[in-house]
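**Q** Before I ask anything, here is the structure I am working with.
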Amino acid sequence: MPALTKLNPDLGAVLALAKLDPPALVLLNGCTDTATGLGRLQAAGDLAAAARLGGFALPRREAVWWAAMCTAHTALPDQPDLEVKAREAAEHWVRQQQDATRREAMALARQAGFKAPESWAAVAAFWSGDSMAPPDQPAVPPAPHLAGTAVAGAVALASVRRDPALRPGRLERFLVSLREIAGGGAGRLGHEMTTG
């Protein structure tokens with residue numbers, strides 16, 4: 001397994017943004033680096049906390065990509081077109097990090113209604129930019145925790161889509177993807193309906 005070089009190594013800084021629940025924080029007692037903390041949470045079976053930590057520890061571009069991969073994995077066969085377009089817009093922003101692409105992602109998330117995990121992947125792209133204000137207004141930078149919050153939300157929603165009983169296995173696969181991305185890989189996940 002490659003070194004998780006893309007994770008922010010400063011666990012304290014990541015935790016200040018991620019706001020993990022007290023039981024997860026107890027598991028991280030005495031841990032100083034993020035990769036070790038991620039492994040400790042996984043080993044203890046707190047997969048939800050590990051996924052949340054990862055969403056805040058990756059650089060924003062990689063975190064948005066990871067959210068998109070997770071949402072694509074559990075996408076429904078009859079998914080509304082706007083949700084598909086929201087995920088595609090998030091992926092587009094990863095490839096072309098321009099103001100126009102992130103604003104398009106937010107517009108599609110808004111049209112889709114902010115209900116599906118794909119919308120939150122798109123919101124994460126928007127919150128990864130310099131300003132939340134309209135382009136012709138003075139800049140209003142997003143708070144540092146917002147992009148990670150949207151990524152964590154997308155991943156959490158994708159993990160329980162259609163059947164919450166599938167959550168543990170999905171989170172395991174999501175964390176494999178996370179580690180691959182953190183090591184410099186693509187982290188692609190096959191579609192759940194075809195990979196089983």
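**Q** When Lys and Arg each count +1 and Asp and Glu each count -1, what net charge do the other residues less than 13 Å away from ARG103, Cβ to Cβ, add up to?
**A** Spelling it out: positives minus negatives among the neighbours equals -2.
**Q** Here's something else I'd like to know. Reachable lysines from LYS115, Cα under 20 Å, same-chain residues fewer than 8 places away excluded?
**A** Within the straight-line limit of under 20 Å, LYS115 reaches these lysines: LYS85.
**Q** Taking the Cα centre as origin and putting +1 on Lys and Arg beta-carbons and -1 on Asp and Glu beta-carbons, what dipole magnitude results for the chain, to the nearest 20 debye?
**A** Its charge dipole is roughly 160 debye.
**Q** Then there is this: For the chain, what does the relative contact order come out to in percent, with C-alpha contacts under 8 Å and a separation of six or more?
**A** After rounding, I find 26 percent.
**Q** Separation between the ASP10 and ASP99 pseudo-spin-labels, each 7 Å from Cα along Cα→Cβ, expressed in nm?
**A** Label at ASP10, label at ASP99, 2.8 nm between them.
**Q** What net charge do the residues around VAL176 carry, taking every other residue with its C-beta under 13 Å from that of VAL176, with Lys and Arg at +1 and Asp and Glu at -1?
**A** Charge balance in the 13 Å sphere: +2.
**Q** Then there is this: How big is the gap, in Å, between the Cα center of the range 50-75 and the Cα center of the range 93-170?
**A** The distance from the Cα centre of the range 50-75 to that of the range 93-170 comes to 10 Å.
**Q** Please give the calculated 222 nm ellipticity per residue for the chain, where each DSSP H segment of at least 4 residues contributes -39500 (n - 2.57) and the sum is spread over every residue; nearest 500 deg cm²/dmol?
**A** Calculated mean residue ellipticity at 222 nm is -19000 deg cm²/dmol.
**Q** Along the positive direction of the dipole of the range 127-196 (beta-carbon charges: Lys, Arg +1; Asp, Glu -1; about the Cα centre), which of GLY190, ALA139, LEU178 reaches farthest?
**A** Positive-end residue among those listed: GLY190.
**Q** Farthest toward the dipole's positive end in the chain, which of LEU76, ALA107, TRP93, given Cβ charges of +1 (Lys, Arg) and -1 (Asp, Glu) about the Cα centre?
**A** Result: LEU76.
**Q** In the neighborhood of GLY54, defined by Cβ-to-Cβ distances under 15 Å, what is the net charge if each Lys or Arg adds +1 and each Asp or Glu adds -1?
**A** Taking every Cβ under 15 Å from that of GLY54, the sum is +3.
Rule-based calculations on the coordinates, nothing more; no lab input. Everything numeric here is computed off the predicted structure, so don't read it as measured data. Methodologically, a virtual Cβ is constructed for each residue, glycine included, from the backbone with ideal geometry; neighbour enumeration extends over all protein chains shown.
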